[in-house]
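Data block below; observations after.
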Amino acid sequence: MKLLVTGGAGFIGSAVVRQAIRDGHQVVNLDALTYAACLENVAGVSNSPNYAFVQADIRDRAALDAAFATHKPDMVMHLAAESHVDRSIDGPGDFIETNITGTYNMLEAARSYWMAQGKPEGFRFHHISTDEVFGSLPNDPDVLFTEDTPYDPRSPYSASKASSDHLVRAWAETYGLPVVLTNCSNNYGPFHFPEKLIPVIILNALAGKELPIYGDGSNIRDWLYVEDHADALLVVVQKGELGRSYNIGGENERTNLELVKTLCGILDELSPRADGKAYAEQITFVTDRPGHDARYAIDPTRIREELGWRPSVTVEEGLTKTVQWYLDNEAWWRPLQERHGVGQRLGTKA
Ligand SMILES: NC(=O)c1ccc[n+]([C@@H]2O[C@H](COP(=O)([O-])OP(=O)(O)OC[C@H]3O[C@@H](n4cnc5c(N)ncnc54)[C@H](O)[C@@H]3O)[C@@H](O)[C@H]2O)c1
């Protein structure tokens, strides 16, 4: 199987690329290499004869047409996006252009290629999206996002992703493009760009800095280990029912404060502070994110019952692997801390 993966130099896309190559697929990684990209993420597989890289921007339709014509993929997994909510508050324009217009370009390039190929049966356009399109849930364990939850995005990021989901469904209804969609919860794991909560906490802790918690830390997220997510995506693209969407969660709901305390406990074990004190002493509460959604939580019934997929790790297991990975991979994360905006508080301007 030849997969065209967009955003394969990013966090989740690179996990998909690594696993797809391990599974014996051919992969064409198409990525613009924005500030969030790191080709080191795929260094372990980039020498494979099954791997090809195309530097292209999904806002550039001609570049997409050329990539389809040259590489002739059997399926598309579309992950390229602007992904950081705080950056979307300060500069929504890039999110509109990449996440909406870029997805439109991907759909049109894929459709024109699919038609030129004689509409091959097995072709799939797999759009990767977020549970943030569903809005915010009350703190009630009986209320979860299902695939039928109405869309109610609250941030420029989630609104741009919701728009892209609507475009994908419209291209399926209107033009018959064979699509599948997934909406997943918060990912974490190796190669997570050091502007997101979990790497920020690990790296600030190790540097002796404050561990910033937005608001009172009561916001709840469902944490999905990135390698589990990559596994789920490869199941969906191959076995998902045409036109259907699947929610992917980690079955690991935690408040942000619980999550950070768990991380501190793991760090206390794996890399104790020189003064013998607990890393939790570095926790500080900072101004909340404007419009911070209270709770995201996924009902995993559909993917579990229809495709037999479940996450393989608990959040404690996944976080332990993640902390160890950051301890072992300073050469990866240290240079990324120099990139524009990393290490600064963003998204407070609203
Ligand atoms: N990280 C999460 O927790 C999470 C949760 C739900 C959904 N998602 C979705 O999963 C996908 C991947 O997320 P991620 O966390 O790996 O993101 P990321 O920011 O780590 O990586 C995004 C990648 O897309 C590339 N890219 C950005 N704009 C581009 C453009 N115009 N043209 C081509 N490439 C471009 C970047 O260079 C980067 O390599 C996104 O669509 C995101 O919305 C992420």
Original post:
Name the residues in the stretch 335-344 that are touching a residue at least 24 places away in the same chain (Cβ under 8 Å) and either loosely packed, with under 12 Cβ neighbours inside 10 Å or not in a loop (DSSP other than H, G, I, E, B) (or both), would you?
Top reply: Leu336, His340
**OP:** Exactly one condition in (1) surrounded by fewer than 19 Cβ atoms within 10 Å (Cβ to Cβ); (2) in contact (Cβ under 8 Å) with a residue 40 or more places away in the chain; (3) within 15 Å of the ligand (Cβ to nearest atom); (4) over 23 Å from the mean Cα position of the chain (by Cα) is not met by Phe68; state its number.
**Re:** (1)
**OP:** Select from the stretch 202-223 the residues that are among the aliphatic types (A, V, I, L, M) and within 18 Å of Ile298 (Cα to Cα) and list them in ascending order.
**Re:** Ile220
Original post:
Which of the following residues is assigned to a helix (DSSP H, G or I) and touching a Gly at 6+ places or on another chain (Cβ under 9 Å): Ala162, Ala172?
Top reply: Ala172
**OP:** May I ask you to say which residue of Glu210, Glu195, Glu147 is acidic (Asp, Glu), farther than 30 Å from Leu327 by Cα and touching a residue at least 60 places away in the same chain (Cβ under 8 Å)?
**Re:** Glu147
**OP:** Looking at (1) surrounded by fewer than 17 Cβ atoms within 10 Å (Cβ to Cβ); (2) within 15 Å of the ligand (Cβ to nearest atom); (3) over 26 Å from Arg18 (Cβ atoms); (4) of a type outside the set (S, T, N, Q), find the lone condition where Phe134 falls short.
**Re:** (1)
Original post:
What tally of residues in the stretch 27-36 results from selecting those that are out of contact with any Ser or Thr (no Cβ under 9 Å at 6 or more places or on another chain) and either near the ligand (Cβ under 7 Å from one of its atoms) or not aromatic (Phe, Trp, Tyr) (or both)?
Top reply: 1
Original post:
Within the group Gly102, Gly10, Gly91, which residue is under 20 Å from the mean Cα position of the chain (by Cα), farther than 24 Å from Glu173 by Cβ and buried (at least 24 other Cβ atoms within 10 Å of the Cβ)?
Top reply: Gly10
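Residues are listed down the side, and each one gets a yes or a no for (1) surrounded by 20 or more Cβ atoms within 10 Å (Cβ to Cβ); (2) touching a Phe, Trp or Tyr at 6+ places or on another chain (Cβ under 6 Å):
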{"position": "Val236", "(1), (2)": "yes, yes"}
{"position": "Ser245", "(1), (2)": "yes, no"}
{"position": "Glu251", "(1), (2)": "no, no"}
{"position": "Val260", "(1), (2)": "yes, no"}
{"position": "Leu267", "(1), (2)": "yes, yes"}
Subject >> Residue within the stretch 204-221 that is more than 18 Å from Asp288 (Cα to Cα), at pLDDT 95 or above and in contact with an Asp or Glu (Cβ under 6 Å, 6 or more places away or on another chain) present >> reply: no
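The values are calculated or read from the model by the stated rules, or taken from the named source; none is laboratory data. On a predicted model such as this, the values are computed, not experimentally measured, just so you know. Heads up, the Cβs are rebuilt from the backbone with ideal geometry, glycines too, and the neighbour counts pull from every protein chain shown.
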